[in-house]
Amino acid sequence: MSYKVISVSKPLPFEIRRNQCKLQKAMKLCKSIQWLQLKALALVFGVSCLLLLCFLASNSYTFENIDDWDKIQDDNFTVVDETWLCFSSAKILHRAENLRKGVLKESICRLRVPKSIYYEIDGDIRVNGNSSSIFWVNSQGKESLKVKPFPRNCDPLVMKDIKEYSVKSFPLQNESVPQCTSNHSYPAVLFAYGGYTVNFYHDFTDLLIPLFLTAHRYHGEVQILITNMNPSWVERFGMVLKNLTRYEIIDIDKVGHSNIHCYKSMTIGLYAHGEFAIDPLMPPLGYTFAKFTDFLRRSFSLERHMLRKHEKSPPRKPKLLLITRRWTRKLINFNETATMASDLGFEVIVMDAGDEPVHKFAQTVNSCDVLVAVHGAALTNMIFLPQDAVLLQIIPWGRMEGLSWCDYGFPAMHANLKYLEYQASLEESTLLDKYPRDHRYIQDPFSVHMQGWFVLNKVYMSEQDVVLDLQRFRGTLVEALEHVKKYR
C-alpha cells in the first residue's frame, strides 16, 4: 500500500515550538523571581513592624471571620496577603526540620500553588473522620473554615464531588473538643482520592506527584490520611506509598465516630505545581521531575537508572517497547511497525499498558531503551525509563502538537530523557474515513480547539486512529536508534 502525504495545515516546525516553549519557560521563571521578590519585600516590611506584631501576638492565632475566609478563596488573593496570613507560622520551607527538632508553634498557614490551595497547621490537632472535621485547639478564638483536600482547585467539575472538611478552631478547655483516642508523635497529610484518577496519567499528575512533593520531606515519618479512599488504588501504588510513609495508611472516613486521631502537625491538601510537572522554584524548593522519577525507580526496585556503556558485557540489540491502545487513537498497523523496527536492529516488545500490574510493567519499561506510543496516558510510563532513554510520541492529526508537547515533551526533557515526536499527517488519520475533506473538522482544526476541551477530545482524541506511513516513520526510528547506540 502506498501513502501520499497531504497536510491541510502545515504543523509548526519542531525548532520553532521548542523556542516558543523556551520563551514560555523564561516568562515563568520571571514570574517565579517576581514571586520571591514579593516575599522578600513582605519580609522586610514585616521585620520593620516586629514590635507591632509582638504587641498583637495574643491575637496572632485567631482566624479572620468566616466572610473574610470565603473571600480569600478567589483569584484576588495575592502573594502579599498570603505572606501576612503565614507570617506567624513555622517557616513553611523548613517545617519538616522544625518538626524533627520539636520546634512547634500554634500556627495555621494557607498556601497556594497553581493547582491547589492547602493548609499547614501546627499545634493540638484532632481529626474526626466520621464528621469530616478537624479540631485545632489553641489559645485563642473560635472560628472555622472549610477545605476540599484535592489538588485541582481550578476545576469546578472535579471539585464539586470532593468531600469537604471543616477546620474548627477552639480555645483550650472547651467542652466541644473531642478527646484523643489515638495520639501520634509524627505529622499527618490528609488528601482526597477522586477526580480523573481512574486514568493512569491523572494518577500521577493529580495524586502521586503532589503527594511526593508534600510527604517526601518527612523521610517516612508521616502518616497518610485519605478521604474517599479507593483500596484498589492504594494496593496498586502500594510500593510508592510505602516509600513515603512508615506508618499505616488510614481510610479516615471509616475510623468510627469515637476514634479521634491526634497530631501535632498536619497538612490538609497537597502541593501541586502543574500538570505532570514539578517546579523547583515553588515550595518545597529544590524538587525536580528527575528527582521524582529517581524516587519511582527506587520505589519499584528498578535496575536501570540510566543508559550506560557495558564494555564487559556482550553487546545486545537495543530494546524498543511499542505500547498499543485498545479503544481510541489505536495504532492500526502496529504489527508492520514492529517488523520495521526489528529490521532496523531493535529487539521489539509489543504490549498494552494494562496487560500487567503497575510494578511488573514498570520493570518491562525500565528494561527498554526506547518507548513508542500514540499520544495518551500510556506515555506516562516514561517515568520508569532509565535516564537518556528515548521517548517517541506519535501525535495524532488535528494540530495536537502543542497539547502533546506540554503533556509529555516537557516532562520527558525534565526526566533527562531524549524526546522525539512524529506528527501524523491527515493521510495517516482515519478521520478521512468519517468526514469528507471539505468538512470543518478537516479544513479548520483550530475552530475545533476554540470550542473547548470536550469538543476537541471528541473529534481528535476519541474518533481517530492512526495508520503510520512506514517509510516516513522510518526516519524517526533511525534517529532513536542512533541515539541509543551511543550508549552501547
Exercise. Of the numbered conditions (1) modelled with pLDDT under 95; (2) touching an Asp or Glu at 6+ places or on another chain (Cβ under 8 Å); (3) in a loop (DSSP other than H, G, I, E, B), SER169 fails exactly one; give the number of that condition.
Key: (3)
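Taking the residues in the range 274-286 that are of a type in the set (A, V, I, L, M) and surrounded by fewer than 17 Cβ atoms within 10 Å (Cβ to Cβ) as candidates, determine which candidate is modelled with the highest pLDDT.
Within the range 274-286, the subset of a type in the set (A, V, I, L, M) is 277-278, 281-282, 285.
Now narrow it down to the ones that are surrounded by fewer than 17 Cβ atoms within 10 Å (Cβ to Cβ): 281, 285.
On the way: LEU281: 91, LEU285: 85.
Out of the qualifying residues, it is LEU281.
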Practice problem: Counting only residues that are open to solvent by 60 Å² or more (accessible area, probe 1.4 Å), give me the helices (runs of 4 or more DSSP H) lying completely in the range 311-423 with at least 2 of them. | Solution: 334-344, 358-366, 410-414
Quiz item: Right, TYR247: more than 24 Å from GLU275 (Cα to Cα) and open to solvent by 20 Å² or more (accessible area, probe 1.4 Å) or not?
Solution: yes
Quiz item: Residue check: is SER176 among the hydroxyl-bearing types (Ser, Thr, Tyr) and part of a loop (DSSP other than H, G, I, E, B)?
Solution: yes
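Condition (residue is more than 19 Å from PHE334 (Cβ to Cβ), under 29 Å from the mean Cα position of the chain (by Cα) and assigned to a loop (DSSP other than H, G, I, E, B)) applied to the range 432-445: is it met by at least one residue? Talk me through it step by step, then tell me what you get.
From the range 432-445, those more than 19 Å from PHE334 (Cβ to Cβ) are 432, 434-445; that's our starting set.
With under 29 Å from the mean Cα position of the chain (by Cα) added as a condition, the list becomes 445.
Those left that are additionally assigned to a loop (DSSP other than H, G, I, E, B): none.
Checking the range 432-445: not a single residue is more than 19 Å from PHE334 (Cβ to Cβ), under 29 Å from the mean Cα position of the chain (by Cα) and assigned to a loop (DSSP other than H, G, I, E, B).
Looking only at the range 462-475, decide whether some residue is farther than 23 Å from ARG316 by Cα, touching a Cys at 6+ places or on another chain (Cβ under 8 Å) and in a helix (DSSP H, G or I). Break it down into steps so the answer makes sense when it comes.
Of the residues in the range 462-475, the ones farther than 23 Å from ARG316 by Cα are 462-473.
Then keep just the ones that are touching a Cys at 6+ places or on another chain (Cβ under 8 Å); that gives none.
No, the range 462-475 contains no residue that is farther than 23 Å from ARG316 by Cα, touching a Cys at 6+ places or on another chain (Cβ under 8 Å) and in a helix (DSSP H, G or I).
Would it be correct to say that TYR263 is open to solvent by less than 10 Å² (accessible area, probe 1.4 Å) and in a strand (DSSP E or B)? Give the derivation first.
On the way: open to solvent by less than 10 Å² (accessible area, probe 1.4 Å): yes; in a strand (DSSP E or B): yes.
So TYR263 fits the description; yes.
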Quiz prompt | Pairs with Cβ under 7 Å, 6+ apart, first in the range 405-417 and in contact (Cβ under 8 Å) with a residue 60 or more places away in the chain, second surrounded by 19 or more Cβ atoms within 10 Å (Cβ to Cβ) and charged (D, E, K, R) | solution = GLY409/GLU421
Quiz item: Of the residues that make up the range 472-488, is at least one modelled with pLDDT under 95, surrounded by fewer than 20 Cβ atoms within 10 Å (Cβ to Cβ) and among the hydroxyl-bearing types (Ser, Thr, Tyr)?
Solution: yes
Practice problem: Could you list all residues from the range 450-471 that are open to solvent by 50 Å² or more (accessible area, probe 1.4 Å) and not small (Gly, Ala, Ser)? | Solution: MET450, GLN451, TRP453, PHE454, LYS458, GLN471
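Restricting to the range 264-287, give me the number of residues that are out of contact with any His (no Cβ under 7 Å at 6 or more places or on another chain) and either small (Gly, Ala, Ser) or within 21 Å of THR380 (Cα to Cα) (or both).
14
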Quiz prompt | Checking GLY269 against (1) without any contact (Cβ under 8 Å) to a residue 12 or more places away in the chain; (2) open to solvent by less than 50 Å² (accessible area, probe 1.4 Å), the condition it does not meet | solution = (1)
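Kindly check whether there is at least one residue in the range 279-292 that is in a helix (DSSP H, G or I) and more than 29 Å from GLY354 (Cα to Cα).
Residues of the range 279-292 in a helix (DSSP H, G or I): 289-292.
Checking which are more than 29 Å from GLY354 (Cα to Cα) leaves us with none.
Within the range 279-292, none of the residues are in a helix (DSSP H, G or I) and more than 29 Å from GLY354 (Cα to Cα).
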Quiz item: Out of all the residues in the range 297-306, is one or more under 24 Å from the mean Cα position of the chain (by Cα), in contact (Cβ under 8 Å) with a residue 60 or more places away in the chain and assigned to a helix (DSSP H, G or I)?
Solution: yes
Exercise. Please state which of the following conditions ASP352 fails to meet, knowing it meets all the rest: (1) touching a Phe, Trp or Tyr at 6+ places or on another chain (Cβ under 9 Å); (2) under 30 Å from GLY238 (Cβ atoms).
Key: (1)
Quiz item: open to solvent by less than 40 Å² (accessible area, probe 1.4 Å), small (Gly, Ala, Ser) and within 19 Å of the chain's Cα centre (by Cα), is that true of GLY220?
Solution: no
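Conditions tested, residue by residue: (1) of a type in the set (D, E, K, R); (2) under 21 Å from VAL390 (Cβ atoms).
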| residue | (1), (2) |
| --- | --- |
| SER299 | no, no |
| ARG304 | yes, yes |
| LEU321 | no, yes |
| ARG325 | yes, yes |
| THR337 | no, yes |
| VAL348 | no, yes |
| VAL365 | no, yes |
Practice problem: With the checklist (1) at pLDDT below 95; (2) touching a Ser or Thr at 6+ places or on another chain (Cβ under 8 Å) in hand, flag the one item ASP355 doesn't pass. | Solution: (2)
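Have a look at PHE289, PHE334, PHE300 and point out the one that is of a type in the set (Phe, Trp, Tyr), modelled with pLDDT of 95 or more and under 30 Å from SER429 (Cα atoms).
Details: PHE289 fails: under 30 Å from SER429 (Cα atoms); PHE300 fails: under 30 Å from SER429 (Cα atoms).
Selected residue: PHE334, the only one of PHE289, PHE334, PHE300 that is of a type in the set (Phe, Trp, Tyr), modelled with pLDDT of 95 or more and under 30 Å from SER429 (Cα atoms).
The values are calculated or read from the model by the stated rules, or taken from the named source; none is laboratory data. In this text, all values refer to a predicted model and were calculated from it rather than measured experimentally. Backbone-built Cβ (ideal geometry, glycine too); neighbour counts: all protein chains shown. All accessible areas refer to the heavy atoms of the entire protein, side chains included, with ligands and DNA or RNA removed. Shrake-Rupley method; radii C 1.70, N 1.55, O 1.52, S 1.80 Å.
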